[in-house]
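Beneath this line is the structure, given in structure tokens, with notes to follow.
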Amino acid sequence: MQYRKAGESGLKLPVISLGLWHNFGDSAPLERSRDILLNAFDNGVTHFDLANNYGPAYGSAEVNFGKIMASDLRPHRDEMVISTKAGYDMWPGPYGDGGSRKYLMASLDQSLKRMGLEYVDIFYSHRYDPETPIEETMQALVDIVRSGKALYAGISNYPQEKAIQAYRYLEDRDVHCILHQGRYNMLVRKAESEGILDCTAEAGTGYIAFSPLAQGLLTDRYFNGIPEDSRASVNHFLKKDSITDNLVATLKKLDAIAAGRRQTLSQMALAWILKDTRVTSVIIGASSVSQLLTNLEAESCLEFTKEELLEIDGILHDGGCL
């Protein structure tokens, strides 16, 4: 596994991290989750990304991760980077959502209990909350780091203007924003067009990409229709009507380039993000060990020729994706 520094910090992350969003809650067999986590760690994935409401049900991914930590990974705690977040809906009432100091601090305490940890390595404000002064949210992150409950602070899903405010507030209080987490893939390139990658680099902050495979679109999964067990089949985040004939044709053209590189489409999609050294890591999900291992092979070939990049952009432009 290759590792990259998170911005200008001393912390290195694997170029491919494992996210526990959908496949590690109560709907998944614990033994399967354990196999995926242990195989990831054995292959150099040292960063595991969670959030308070990952599941389903809310909190169950952290509970299950805590069980696997206790049974298998506890002796390796200092070889791991564990992150969690708060910002979206978690519990009923006015204090279980948003960016208030009360919510962030209470949520982190609950997360630590669920995982059986004394601290997390990175704690994120999961989203910008327009109803809370950004100073309140950032000061909560400052105080969390100073309390020792998190070693580093990060932000996720912040628009550029608010991200810059967050970086400055934290930096002025000697708590550097180590990572900005955002959606980025071949089909969703706002991190480029809205200047997020530029401003993270200028701030000395690392960028970590989630949804690098566009909810499974950047694979061969939808080449021949919508499988019954797929996310699109239940309209969960990925909607059936978004998978058009034109999109599938575009994906098949990209797949042909990947084949010429001796990669799968998913491997090429991950490598395409990581070609940019401003990106510290990509966060993948996994529903099986074989899927995990296939995607981890992406890090063995991260270089692209100018011709390949031009051809990829041309395909995406012609397909209406750019």
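All of Ala70, Ala6, Ala106 fail the test of being crowded, with 18+ Cβ neighbours inside 10 Å and either at pLDDT 95 or above or within 29 Å of Val175 (Cα to Cα) (or both), apart from Ala6.
In the set (1) under 27 Å from Thr205 (Cβ atoms); (2) touching a Ser or Thr at 6+ places or on another chain (Cβ under 9 Å), Leu296 fails one condition alone, (2).
Out of all the residues in segment 145-166, which are assigned to a helix (DSSP H, G or I) and either at pLDDT below 95 or within 28 Å of Leu213 (Cβ to Cβ) (or both)? Full working, then the answer.
Here is the first cut: in segment 145-166, the residues assigned to a helix (DSSP H, G or I) are 145-147, 160-166.
Hits for segment 145-166 are Gln160, Lys162, Ala163, Ala166.
For (1) in a loop (DSSP other than H, G, I, E, B); (2) at pLDDT below 95; (3) surrounded by fewer than 17 Cβ atoms within 10 Å (Cβ to Cβ), each residue gets a yes or a no:
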residue: Ala269; (1), (2), (3): no, no, no
residue: Ile273; (1), (2), (3): no, no, no
residue: Ala286; (1), (2), (3): yes, no, no
residue: Thr294; (1), (2), (3): no, no, yes
residue: Ala298; (1), (2), (3): no, no, no
residue: Glu303; (1), (2), (3): yes, no, yes
residue: Glu308; (1), (2), (3): no, no, no
residue: Gly320; (1), (2), (3): yes, yes, yes
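Exactly one residue out of Asn43, Asn52, Asn23, Asn39 is farther than 23 Å from Ala201 by Cβ, in contact with a strand residue (DSSP E or B) (Cβ under 7 Å, 6 or more places away or on another chain) and not acidic (Asp, Glu), and it is Asn52.
Just to be sure I understand, how many residues within segment 107-121 are part of a helix (DSSP H, G or I) and among the charged types (D, E, K, R)?
Of all residues in segment 107-121, those part of a helix (DSSP H, G or I) come to 107-115.
Now drop any that are not among the charged types (D, E, K, R), which leaves 109, 113-114.
Result for segment 107-121: 3.
Somewhere in segment 254-266, is a residue within 18 Å of the chain's Cα centre (by Cα) and modelled with pLDDT of 95 or more? Yes, because at least one residue in segment 254-266 is within 18 Å of the chain's Cα centre (by Cα) and modelled with pLDDT of 95 or more. Residues of segment 217-237 that are under 22 Å from the mean Cα position of the chain (by Cα) and either modelled with pLDDT of 90 or more or closer than 28 Å to Ser300 by Cβ (or both): Leu217, Leu218, Thr219, Asp220, Arg221, Ser230, Arg231. Entry remark, segment 107-132: residues being farther than 27 Å from Leu13 by Cα and out of contact with any helix residue (DSSP H, G or I) (no Cβ under 8 Å at 6 or more places or on another chain) number 3 in total.
The set of residues in segment 247-267 that are surrounded by fewer than 21 Cβ atoms within 10 Å (Cβ to Cβ) and in a helix (DSSP H, G or I) comprises Leu247, Val248, Ala249, Lys252, Lys253, Asp255, Ala256, Ile257, Ala259, Gly260.
The values are calculated or read from the model by the stated rules, or taken from the named source; none is laboratory data. Predicted, not measured: the structure shown is a model, and the values here were computed from it. Please note: Cβ atoms are built from the backbone with ideal geometry, for glycine as well, and neighbour counts cover all protein chains shown.
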